[in-house]
Amino acid sequence: MKTIALDIGGTSIKAGEVTDGALLSSAEYDTDAKQGGEYVIRRAMDIISQYSEFNAIGISTAGQVDSIQGCIRFANENIPEYTGMQVKRILEERFQVPVAVENDVNAAAIGEAQYGAGKDLNDFLCVTYGTGIGGAIVINKQIYSGSTFSAAEFGHLITHAQGRVCNCGLRGCYERYASTGALVRATMELNPALSNGRKIFEHINEPQVRAVIDGWIQEIMFGLTSLIHIFNPSCVILGGGIMNESYIIQNLQGSFYSNIMPSYANVVLKQAQLGNHAGLLGAAYLASQCKAVE
């Protein structure tokens, strides 16, 4: 079965051709998201039109997604006027094949569940660290979506009461302290040139930089501790490009278990395996499970 998968983000749209769980080709395009939701969907249709003879379409996208109706329940201003977009209906009418639409972190978690770090697990949590923090709850290889398709907003767990103001309007949210964005903001106060994760870890041997990184890892641990005490998972899969830095996982594993109750010590922290292709593979898998368009 040939599926076209797209991963729509505020900066780029990744596209790929997937057959039987194998990503045969991939490409990346600018989203030009500031032109609005309608433009982004037209852009997606133009990209899909470059492919021929496919059986289904899988869409991984930023925003809160009603995965049954295939529409965007809420999206922030990274993609203006995207809220309410009927993605599934628009694409099915245009291409006459089944379409699956899912939130990007949920799609990545499904990719990991089927083909990556979670393929031998039925249940796990997935937490991704980037500009913000995303989450997914996988139970019996399926996403737990919550009553309004909004479950697992782990980035908005309150880890610091009355702390820093978050973009969501609350104070003290986890992502204001433990996201890659939070690390970048902290290190740029030391050196404005340290503007991304790669540059930061190139300077890890500088004592001041290492101290900031170590403090940031502690913030990651605080949120994970709460999640583990709530969900009692057997595994937490950590994703996002920053998690490719082995120093992070090694330090978490070295101190993590002393910060949870002994009855939760079965939990394993694992690094995500599929990288930037997780969302594409997850969206393609979900599309392969769709019913034919009537």
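The table for this structure:
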{"item": "Selection from segment 153-184 of residues that are part of a loop (DSSP other than H, G, I, E, B) and either without any contact (Cβ under 8 Å) to a residue 40 or more places away in the chain or of a type in the set (A, V, I, L, M, F, W, C) (or both)", "result": "153, 157, 160, 161, 162, 163, 164, 166, 168, 169, 170, 172"}
{"item": "Extreme residue, surrounded by the fewest Cβ atoms within 10 Å (Cβ to Cβ), among residues of segment 10-21 that are within 15 Å of residue 278 (Cα to Cα) and touching a helix residue (DSSP H, G or I) at 6+ places or on another chain (Cβ under 7 Å)", "result": "21"}
{"item": "Residues of segment 142-152 classified as crowded, with 16+ Cβ neighbours inside 10 Å, assigned to a loop (DSSP other than H, G, I, E, B) and not hydroxyl-bearing (Ser, Thr, Tyr), total", "result": "3"}
{"item": "Index of the failed condition, residue 214 passing every other in (1) open to solvent by 50 Å² or more (accessible area, probe 1.4 Å); (2) over 18 Å from residue 250 (Cα atoms); (3) within 24 Å of the chain's Cα centre (by Cα)", "result": "(2)"}
{"item": "Residue ID - surrounded by the fewest Cβ atoms within 10 Å (Cβ to Cβ), chosen from residues in segment 22-71 that are of a type in the set (Ser, Thr, Tyr), touching a residue at least 12 places away in the same chain (Cβ under 8 Å) and not in a strand (DSSP E or B)", "result": "51"}
{"item": "Subset tally (residues that are part of a loop (DSSP other than H, G, I, E, B) and aliphatic (A, V, I, L, M)) for segment 195-241", "result": "1"}
{"item": "Subset of segment 97-127 that is touching a Leu at 6+ places or on another chain (Cβ under 7 Å) and within 21 Å of residue 226 (Cβ to Cβ) - its residue that is surrounded by the fewest Cβ atoms within 10 Å (Cβ to Cβ)", "result": "125"}
{"item": "Residue among 155, 130, 181 that is buried (at least 23 other Cβ atoms within 10 Å of the Cβ) and within 15 Å of the chain's Cα centre (by Cα)", "result": "155"}
{"item": "Hits in segment 3-32 (condition: modelled with pLDDT under 95, over 19 Å from residue 130 (Cα atoms) and charged (D, E, K, R))", "result": "20, 32"}
{"item": "Complete set of residues in segment 221-248 that are free of Cβ contacts under 8 Å to residues at least 12 places away in the same chain and farther than 20 Å from residue 106 by Cβ", "result": "246"}
{"item": "Members of segment 242-252 that are touching a Phe, Trp or Tyr at 6+ places or on another chain (Cβ under 6 Å) and not in a loop (DSSP other than H, G, I, E, B)", "result": "242"}
{"item": "Some residue of segment 27-39 being out of contact with any Pro (no Cβ under 8 Å at 6 or more places or on another chain) and within 21 Å of residue 289 (Cβ to Cβ)", "result": "no"}
{"item": "Residue in segment 185-194 that is over 20 Å from residue 255 (Cβ atoms), in a helix (DSSP H, G or I), at pLDDT 95 or above and open to solvent by less than 20 Å² (accessible area, probe 1.4 Å) present", "result": "yes"}
{"item": "Filter result for residue 219 (open to solvent by 50 Å² or more (accessible area, probe 1.4 Å) and acidic (Asp, Glu))", "result": "no"}
{"item": "Boolean, residue 81 is in a loop (DSSP other than H, G, I, E, B), free of Cβ contacts under 8 Å to residues at least 60 places away in the same chain, under 22 Å from residue 148 (Cα atoms) and over 19 Å from the mean Cα position of the chain (by Cα)", "result": "yes"}
{"item": "Those residues of segment 72-91 which are touching a helix residue (DSSP H, G or I) at 6+ places or on another chain (Cβ under 7 Å), closer than 20 Å to residue 153 by Cβ and open to solvent by 30 Å² or more (accessible area, probe 1.4 Å), in sequence order", "result": "78"}
{"item": "Yes/no for residue 75 being at pLDDT below 95 and in contact with an Asp or Glu (Cβ under 6 Å, 6 or more places away or on another chain)", "result": "no"}
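The values are calculated or read from the model by the stated rules, or taken from the named source; none is laboratory data. Here the structure is a predicted model, which is why all the values come from computation and not from measurement. Glycine gets a Cβ as well: all are built from the backbone with ideal geometry, and neighbour counts include every protein chain shown. These area figures cover heavy atoms from the full protein model, side chains too; ligands, DNA and RNA do not enter into them. Shrake-Rupley method; radii C 1.70, N 1.55, O 1.52, S 1.80 Å.
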